[in-house]
Amino acid sequence: MIINLLNLFFPKVCYACSNYLGDNEKHICTSCRHDLPVTNFHFENDDTIKKVLYGRAKIENATSLLMFQKRGIVQQLLHNLKYRGHETIGKVLGEWLGNELKSISDYKSIEMVIPVPLHKRKRRKRGYNQVAKFGIEIANALDVPYVDSVLLKIAATKTQVFKKRIARWDNTDELFTAQYISKIDGKHILLVDDIITTGATIEACCNVLCKAKDVKISVATMAIAQ
């Protein structure tokens, strides 16, 4: 009865379409789950992301769960995750991708998950790193540590999704640094982020992480922009 009263005054809605959720639905309605544009990159050995980063960063494996389109359902999900406090979206997507990656041989050698960091000022304002729960759930699925103390962002920038390509490149120059870099010596790490557009952010992070000895880097993101 209490649950019914809570649903009456605080109805649960889908994070993608904002329609009411059914009794057996959680976070994302059945219709939206069906319509989500999954990439299946990791199942199909698709090297789309590696092509984006070709000649810029040495990547072992790379995948994105969803395809991002402007004004599409994935944009709505990421907007709710980043700007409306719905951290649960990161958890849902992380559980989803993590359960898929743990069955794929290329990702069984991952030894650590590292998130693309937020600048401390932006994190303080938002209250969380939108990539954190996504990365934590993937780490749990792969049974490896989630480490957010190695890669740091040392300069704040505005959101980059809608910026022009050249502007995005300029904004990633010397934005990141690393501490305790020996933690990742000889490790195969999985770098996780919310969305990959030009690949400039991933490239900048890889350039920092590659300062470790014999490190291998794979990439996983929630979405990739078309």
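Using a cut-off of 14 Å between beta-carbons, work out the net charge of the residues near residue 110 (Lys and Arg +1, Asp and Glu -1, residue 110 not included). Could the numbers behind the result be given before it?
Values: positive: 102, 108, 187, 216; negative: 60, 100, 106, 111, 137, 143.
Combined, the nearby Lys, Arg, Asp and Glu give -2.
Pairing the Cα long axis of helix 88-101 with the longest principal axis of the chain, what angle in degrees results, from 0 to 90 and rounded to the nearest 10?
60 degrees
Taking 32 Å as the cut-off for C-alpha to C-alpha distance, list the pairs among 91/122; 102/125; 12/183; 12/50; 12/153 that go past it.
Numbers: 91/122 20 Å; 102/125 34 Å; 12/183 42 Å; 12/50 39 Å; 12/153 35 Å.
Flagged as over cut-off: 102/125; 12/183; 12/50; 12/153.
Sort 133, 50, 213 so the one with the fewest other Cβ atoms within 10 Å of its own Cβ comes first.
Least crowded to most crowded, the residues run 213, 50, 133.
Using θ = phi - 60° and the Karplus curve 6.51 cos²θ - 1.76 cosθ + 1.60, what whole-Hz ³J(HN,Hα) does each residue of region 126-140 get, with Gly and Pro shown as x?
3J(HN,Hα) across region 126-140, in whole Hz: 7, x, 6, 8, 5, 8, 4, 5, 4, x, 4, 5, 5, 4, 4.
Tally the DSSP beta bridges in the chain and give the antiparallel ones as a percent, rounded to 5.
Beta bridges within the chain, antiparallel portion: roughly 25 percent.
Return the Rg/Rh value of the chain, two decimal places, where both radii are evaluated on C-alpha atoms and Rh is the Kirkwood radius. Let's see the in-between values first.
Values: Rg = 17.7 Å, Rh = 18.2 Å.
Here Rg/Rh amounts to 0.97.
By how many nm would the segment from residue 103 to residue 84 grow when fully extended, if each residue of separation counts as 0.36 nm and the alpha-carbon distance is taken off? It would help to have the intermediate numbers written out before the result.
Numbers: separation 19, 0.36 × 19 = 6.84 nm, distance 3.26 nm.
Value of the extension gain: 3.6 nm.
With the chain treated as a Gaussian network of Cα nodes joined by springs under 10 Å, which of 149, 105, 182 yields the largest mean-square fluctuation?
Among 149, 105, 182, the largest GNM mean-square fluctuation belongs to 105.
What longest range of the chain stays clear of loop-exposed chymotrypsin sites (Phe, Trp or Tyr not before Pro) (DSSP non-H/G/I/E/B, at most 16 other C-beta within 10 angstrom)?
Working: sites that count: 54, 128, 162, 180.
The segment 55-127 is the longest one with no such site.
Give me 71, 121 sorted ascending by neighbouring Cβ count inside 10 Å, so fewest comes first.
Starting with the residue having the fewest Cβ neighbours, the order is 71, 121.
What order do you get for 205, 32 when you list them from fewest to most C-beta neighbours inside 10 Å?
Values: 205 25, 32 19.
Least crowded to most crowded, the residues run 32, 205.
Tell me which residues come under 5 Å, amide H to amide H, from residue 215 once H is placed; ignore anything under 5 positions away on its chain.
It is 186, by chain and number.
Mind telling me which of 153, 26, 216 comes out most flexible in a GNM of the chain, alpha-carbon contacts under 10 Å?
With Cα springs under 10 Å in the chain, the top fluctuation among 153, 26, 216 is at 26.
Skipping prolines and chain starts, which residues have an amide H placed within reach, meaning under 5 Å, of the one on residue 191, given they are 5 or more residues away or on another chain?
So residue 191 has HN proximity to 114, 218, 219, 220.
Kirkwood-based Rg over Rh for region 69-142 (C-alpha set), two decimals?
Values: Rg = 13.5 Å, Rh = 13.2 Å.
Result: Rg/Rh = 1.02.
Say we join alpha carbon atoms closer than 10 Å with springs in a Gaussian network model of the chain; which of 106, 194, 23 then has the biggest fluctuation?
Evaluated over the chain, the most mobile residue of the options is 23.
Given charges of +1 on the Cβ of Lys and Arg and -1 on the Cβ of Asp and Glu, with all other atoms neutral, how large is the dipole of region 37-225 about its Cα centre, in debye to the nearest 20?
About 1060 debye.
With the cut-off at 30 Å, tell me which of the pairs 51/187; 70/108; 26/187 have Cα atoms farther apart than that.
70/108; 26/187
Got a sec to turn the phi values of region 26-38 into Karplus ³J(HN,Hα) couplings, 6.51 cos²θ - 1.76 cosθ + 1.60 with θ = phi - 60°, whole Hz, x for Gly and Pro?
10, 6, 10, 5, 4, 4, 5, 4, 5, 8, 4, x, 6
Since every read-out is calculated from the coordinates, none of them should be taken as a lab result. Everything quoted here is computed from the prediction, not taken from an experiment. All Cβ positions, even for glycine, are placed from backbone atoms using ideal geometry, and neighbour counts span all protein chains on display.
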